[in-house]
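Participant: Take this structure, written in structure tokens, and hold onto it; I'll ask about it next.
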């Protein structure tokens, strides 16, 4: 039953594409003179149905796009295949007695503005096709003698049946400019040699195909190879995400059960105490913890005073006069996960509390009457219910942890790697892929590798999200509950 | 009643429940002392529970306590020998608030962050609620594709697009400019609509239908039916978008990179204080700044988390 309904609701992508093309074909073939004219002058169809202002607006838009296409875009798009050939050079100008720059190419601007042009053209193409169909629909309406909207009515519809256009226009514009275009730019950069040696405007960069991906996945050789660092950092990223997700998830559930237990007095007060730790902004709390566990920090003083440092030295676990909580591989890895428990458990506790309160009371009661003990209740009722409700968030949490920049960057800002091969690739053992990406761009201007890593992170996240795909996208049962 | 149940329980003869059965037998034999025992047992449970919680809470609060006590220390650098400062003073707060130098310009940072936060809050709250309403309450053809698109876009690490955004802002001459930072924070905020949508999904559709029948337009329904019913999620959205500029330091660090400290936000300012060369003179001031920022943020966070839980769990149950 449910399946059939879903199928009807969501026709396959090919089917809807086929219908789209067929509608378009109908419009072009069966359209009258006005519709055919609007293939050239977009507004013609509206003018023919006496929607003069709309026709004017649409034609105006077309003119703008055409002007852009012929006056502005060629300067950049024509160089898209090479990303520029003329280097910046300073030439002494005899007339002004000054050094002047030649008419040089800026590879990044070429890339960016070409991409902007592509986005504009693509959007306009969609609009153009939509327009043809809309004009044909007007024709049909007229033939059937139906009412054709005046401008005022069109305007009003933007606040009624077309309200979604009004609502979504600005947010989507923002997303296109500040997310989609930048993402596309960076995806393209992954196929260029844009790095410190090829920085515009003084230098040019160009396409290199899949060379960056090769550099990322292979190790050895004479040139700087990223393969070694990449494997290490990838493994740590996955280990980190796994442990960070599971420890905070279980910890949060246990803590919330503890707080919500009938034996607990003043549960609200306890909850507040734990909330305080996450209410403090992360850059304050994490930087503080970093200083707390610094090599000369108070935690080390304390450990030295109670003789723990000495003990560890005699066991051969450390060779320094301090415990390298956040400054040696191994130690730092464990500490990061532990500190993350500190910061993550209260969050999960909040969520778990909300979910636990929704557990049907009858289930718990009947289990108690049947004589189930608390452990049985936990494993057979509480956990399955929690997993059912928060299962998808578990996977999104995992993805979030893959991208958990703050914890790693703030905690290991002072970490210096001793592994030469790591240092060659500007990475360190405690880096996640995203923090590595950040260091590469901010400190080493290695945009090509950063973009390549970014794409890998995306693929990683996409794979894990696909696991939750059914719940996240397809199993959208929103209507059932309304 | 209790007895009957325990007897039926005994009849069950479940080996796994031997322990409980034993206690149940006791129960019937010595009914007089049972009540006392029970209350004793309960008391012990209560004490153990609360002790455990107290221990955990103490452990969780150590860094926060350290933050507060260090901020009141008379010492300027990092206090490495004792947990509590040997001498107490409020000099750090005084310095931070009244005597700004090239490194510490806390009043300026606070003002900057506040201005940015207000504007970001207005823009992104509007965006989020607009997108949430359109995707939750309206049905149009592009709805599902757009929502799928949003899922995919959210998978890209934010850092990746940030690099290109930086260059775009640079071409527009908007780096080292608060307007640029505001755009970075708010322009894409529509992508974070899911929690708000999860809430709007719970607004009964019958209410909207009734309004349609009365001839209300979608615009009127948005303002007069759905929004008044969504107070919790509005509060949540407003507070969370207001807090974003206070909590974030990465984007601020990328956009405001000129090193002119009067332009900074609180986050980068405080981060900078812990620089290797500065930590020994500014650590206690950092703590004082941390306390000052944390107080308003904590209060907002406390208000927000109630709605957060509602939104998350509501959204999760509703798919």
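The values are calculated or read from the model by the stated rules, or taken from the named source; none is laboratory data. Small disclaimer: the values here were computed from a predicted structure and weren't measured. Here Cβ is always computed from backbone atoms with ideal geometry, including for glycine, and neighbour counts include all displayed protein chains.
Participant: Before we move on, is residue B:170 in a helix (DSSP H, G or I), without any contact (Cβ under 8 Å) to a residue 40 or more places away in the chain and closer than 30 Å to residue A:442 by Cα?
Facilitator: Working: in a helix (DSSP H, G or I): yes; without any contact (Cβ under 8 Å) to a residue 40 or more places away in the chain: yes; closer than 30 Å to residue A:442 by Cα: yes.
Taking the combined requirement at face value, the residue satisfies it.
Table: residues versus (1) at the interface with chain A (Cβ under 7 Å from one of its Cβ atoms); (2) surrounded by fewer than 19 Cβ atoms within 10 Å (Cβ to Cβ).
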residue: B:148; (1), (2): yes, yes
residue: B:161; (1), (2): yes, no
residue: B:170; (1), (2): no, yes
residue: B:187; (1), (2): yes, no
residue: B:193; (1), (2): no, no
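Participant: Further, regarding this structure: Can you tell me which residue in segment B:198-211 is farthest from residue B:125 (Cα to Cα), limited to those that are crowded, with 19+ Cβ neighbours inside 10 Å and more than 8 Å from every other protein chain (Cβ to nearest Cβ)?
Facilitator: For segment B:198-211, the residue satisfying everything is B:208.
Participant: Here is a further query. Could you tell me whether residue A:138 is more than 13 Å from chain B (Cβ to nearest Cβ), surrounded by 14 or more Cβ atoms within 10 Å (Cβ to Cβ) and at pLDDT below 90?
Facilitator: yes
Participant: Out of the residues in segment A:306-318 meeting the condition of being part of a loop (DSSP other than H, G, I, E, B) and either within 11 Å of another protein chain (Cβ to nearest Cβ) or modelled with pLDDT under 85 (or both), tell me which one is nearest to residue A:412 (Cα to Cα). Walk me through it before giving the result.
Facilitator: Step one: filter segment A:306-318 for residues part of a loop (DSSP other than H, G, I, E, B), giving A:306-307, A:316-318.
With the extra rule that they be either within 11 Å of another protein chain (Cβ to nearest Cβ) or modelled with pLDDT under 85 (or both), the set shrinks to A:307, A:316-318.
Values: A:307: 26, A:316: 24, A:317: 21, A:318: 19 Å.
The selected residue is A:318.
Participant: If you take the residues in segment A:319-334 that are assigned to a helix (DSSP H, G or I) and touching a residue at least 40 places away in the same chain (Cβ under 8 Å), which one is surrounded by the most Cβ atoms within 10 Å (Cβ to Cβ)?
Facilitator: Applying the filter and picking the extreme gives A:332.
Participant: Does any residue of segment B:78-99 turn out to be in contact (Cβ under 8 Å) with a residue 60 or more places away in the chain, out of contact with any strand residue (DSSP E or B) (no Cβ under 7 Å at 6 or more places or on another chain) and not in a helix (DSSP H, G or I)?
Facilitator: Within segment B:78-99, one or more residues are in contact (Cβ under 8 Å) with a residue 60 or more places away in the chain, out of contact with any strand residue (DSSP E or B) (no Cβ under 7 Å at 6 or more places or on another chain) and not in a helix (DSSP H, G or I).
Participant: Name the pairs whose Cβ atoms lie under 6 Å apart, with the first residue in segment A:364-375 and more than 11 Å from every other protein chain (Cβ to nearest Cβ), the second part of a helix (DSSP H, G or I), and 6 or more positions between them or separate chains?
Facilitator: A:367/A:377; A:367/A:381
Let's see how each residue does on (1) within 13 Å of chain B (Cβ to nearest Cβ); (2) within 20 Å of residue B:59 (Cα to Cα); (3) touching a strand residue (DSSP E or B) at 6+ places or on another chain (Cβ under 9 Å); (4) without any contact (Cβ under 8 Å) to a residue 60 or more places away in the chain:
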position: A:242; (1), (2), (3), (4): no, no, no, no
position: A:262; (1), (2), (3), (4): yes, no, no, yes
position: A:267; (1), (2), (3), (4): yes, yes, no, yes
position: A:270; (1), (2), (3), (4): yes, yes, no, yes
position: A:276; (1), (2), (3), (4): yes, yes, no, yes
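Participant: Taking segment A:459-482 as the search range and keeping residues that are surrounded by 19 or more Cβ atoms within 10 Å (Cβ to Cβ) and at pLDDT 85 or above, which one is farthest from the chain's Cα centre (by Cα)?
Facilitator: That would be A:460.
Participant: Across segment A:102-113, which residue is nearest to the other protein chains (Cβ to nearest Cβ) among those that are within 39 Å of the chain's Cα centre (by Cα) and without any contact (Cβ under 8 Å) to a residue 40 or more places away in the chain? Give the steps one after another, and end with the answer.
Facilitator: We begin by selecting, within segment A:102-113, every residue within 39 Å of the chain's Cα centre (by Cα); these are A:103-113.
Checking which are without any contact (Cβ under 8 Å) to a residue 40 or more places away in the chain leaves us with A:103, A:110.
Details: A:103: 18, A:110: 12 Å.
Step by step, filter segment A:102-113, then rank; the result is A:110.
Participant: Out of curiosity, is residue B:286 modelled with pLDDT of 85 or more, more than 7 Å from chain A (Cβ to nearest Cβ) and out of contact with any strand residue (DSSP E or B) (no Cβ under 9 Å at 6 or more places or on another chain)? Let's see the steps before the verdict.
Facilitator: On the way: modelled with pLDDT of 85 or more: yes; more than 7 Å from chain A (Cβ to nearest Cβ): yes; out of contact with any strand residue (DSSP E or B) (no Cβ under 9 Å at 6 or more places or on another chain): yes.
Against the criterion (modelled with pLDDT of 85 or more, more than 7 Å from chain A (Cβ to nearest Cβ) and out of contact with any strand residue (DSSP E or B) (no Cβ under 9 Å at 6 or more places or on another chain)), residue B:286 qualifies.
Participant: Condition (residue is at pLDDT below 85, in a helix (DSSP H, G or I) and surrounded by fewer than 23 Cβ atoms within 10 Å (Cβ to Cβ)) applied to segment A:424-432: is it met by at least one residue?
Facilitator: yes
Participant: While we're here: Among (1) surrounded by fewer than 22 Cβ atoms within 10 Å (Cβ to Cβ); (2) modelled with pLDDT under 85; (3) in contact with a helix residue (DSSP H, G or I) (Cβ under 9 Å, 6 or more places away or on another chain), there is one condition residue A:296 misses while meeting the rest; what is its number?
Facilitator: Single failed check for residue A:296: (3).
Participant: Would you point out which residue out of A:337, A:341 is surrounded by fewer than 21 Cβ atoms within 10 Å (Cβ to Cβ), under 32 Å from the mean Cα position of the chain (by Cα), assigned to a helix (DSSP H, G or I) and more than 13 Å from chain B (Cβ to nearest Cβ)? Write out each step before concluding.
Facilitator: Details: A:341 fails: more than 13 Å from chain B (Cβ to nearest Cβ).
The match here is A:337.
Participant: Quick check on segment A:240-255. Is at least one of its residues surrounded by 22 or more Cβ atoms within 10 Å (Cβ to Cβ), in contact with a helix residue (DSSP H, G or I) (Cβ under 9 Å, 6 or more places away or on another chain) and farther than 30 Å from residue B:53 by Cβ?
Facilitator: No, segment A:240-255 contains no residue that is surrounded by 22 or more Cβ atoms within 10 Å (Cβ to Cβ), in contact with a helix residue (DSSP H, G or I) (Cβ under 9 Å, 6 or more places away or on another chain) and farther than 30 Å from residue B:53 by Cβ.
Participant: Which condition does residue B:297 not pass, out of (1) more than 7 Å from chain A (Cβ to nearest Cβ); (2) in contact (Cβ under 8 Å) with a residue 24 or more places away in the chain, if it passes all the others?
Facilitator: Only one criterion is unmet by residue B:297, namely (1).
Participant: Let me ask you something else. Could you grab me the full set of residues in segment A:286-305 that are part of a helix (DSSP H, G or I), more than 15 Å from residue A:338 (Cα to Cα) and more than 7 Å from chain B (Cβ to nearest Cβ)?
Facilitator: A:300, A:302, A:303, A:304, A:305 - these are the residues of segment A:286-305 that are part of a helix (DSSP H, G or I), more than 15 Å from residue A:338 (Cα to Cα) and more than 7 Å from chain B (Cβ to nearest Cβ).
Participant: Look at residue A:407 and say whether it is closer than 22 Å to residue B:274 by Cβ and at pLDDT below 85.
Facilitator: Details: closer than 22 Å to residue B:274 by Cβ: yes; at pLDDT below 85: no.
The answer is no for residue A:407.
Participant: So, one more: Identify all residues within segment B:109-142 that are more than 22 Å from the chain's Cα centre (by Cα) and more than 8 Å from every other protein chain (Cβ to nearest Cβ); write none if there are none.
Facilitator: B:135, B:137, B:139, B:141, B:142
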